[in-house]
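Here's the structure we're looking at; comments come further down.
The values are calculated or read from the model by the stated rules, or taken from the named source; none is laboratory data. Keep in mind that this is a model prediction, so the values were computed, not measured. Every residue, glycine among them, receives a Cβ derived from its backbone with ideal geometry; neighbour counts consider all protein chains shown. Each accessible area value is taken on the protein alone, full model and side chains, heavy atoms only, with ligands, DNA and RNA left out. Shrake-Rupley method; radii C 1.70, N 1.55, O 1.52, S 1.80 Å.
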Amino acid sequence: MTTKATKSEPRKQRRECKSFALGFTILLGGLTVAAQEPGVVKPQLLFSEIVAGMPKGEKQEVRVLTVNFRPGQRTLFHTHRFPVTVYILEGAFRLELEGREPITVRTGQAKMMPPNVKMTGYNNSSTDPLRLVVFYVSDPGMPFLDPIH
């Protein structure tokens, strides 16, 4: 069964959008004022990078994962179809991206891994564990990685 759109629906949608925009502006203004008050938490930017390769579909899936590496453990040699960001909770993450110098991302640091680049990462320590958080946005149901054989 279909329903006919009424002339008032576009006006209603515009009103709802304006109401949302006004509410969002008030919220942001309130956060700015609140952040200046003693005892109120103020977020600190940890990491920012402009990326390409984000999904463009009507819906996206946001995923946050934790990964624990024992000393000497590594990932498969793989690619991602989307940008992936890691945040190191404990230890040092050695990251090798094809065509680039290897880097080490340490506790409290974050790094974005670009899409479609062959890579591997590992815990190079022989004694210390590595714990990290991985977060990314993809098309719903998209595999996290594609192994390279």
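Mind telling me which of the residues VAL134, VAL64, VAL105, VAL86 ends up being in contact with a Ser or Thr (Cβ under 9 Å, 6 or more places away or on another chain) and either free of Cβ contacts under 8 Å to residues at least 12 places away in the same chain or hydrophobic (A, V, I, L, M, F, W, C) (or both)?
VAL134
Among the candidates LEU95, LEU89, which residue alone is farther than 18 Å from ASP139 by Cβ and either at pLDDT below 95 or open to solvent by less than 20 Å² (accessible area, probe 1.4 Å) (or both)?
LEU95
Just the residues that are out of contact with any Asp or Glu (no Cβ under 7 Å at 6 or more places or on another chain), over 27 Å from GLU61 (Cα atoms), of a type outside the set (D, E, K, R) and open to solvent by 40 Å² or more (accessible area, probe 1.4 Å), please, taken from segment 105-148.
ASN124, SER126, THR127 - these are the residues of segment 105-148 that are out of contact with any Asp or Glu (no Cβ under 7 Å at 6 or more places or on another chain), over 27 Å from GLU61 (Cα atoms), of a type outside the set (D, E, K, R) and open to solvent by 40 Å² or more (accessible area, probe 1.4 Å).
From (1) in a loop (DSSP other than H, G, I, E, B); (2) exposed (fewer than 15 other Cβ atoms within 10 Å of the Cβ), pick out the condition that doesn't hold for ASN68.
Failed condition: (1).
Among the numbered criteria (1) under 19 Å from PHE135 (Cα atoms); (2) surrounded by 10 or more Cβ atoms within 10 Å (Cβ to Cβ), which single criterion is violated by PRO102?
(1)
Given the conditions (1) open to solvent by 80 Å² or more (accessible area, probe 1.4 Å); (2) free of Cβ contacts under 8 Å to residues at least 12 places away in the same chain; (3) not polar (S, T, N, Q), and given that LEU76 satisfies all but one, which numbered condition is not satisfied?
(2)
For residues in segment 82-107 being assigned to a strand (DSSP E or B) and of a type in the set (S, T, N, Q), which is nearest to PHE47 (Cα to Cα)?
THR85
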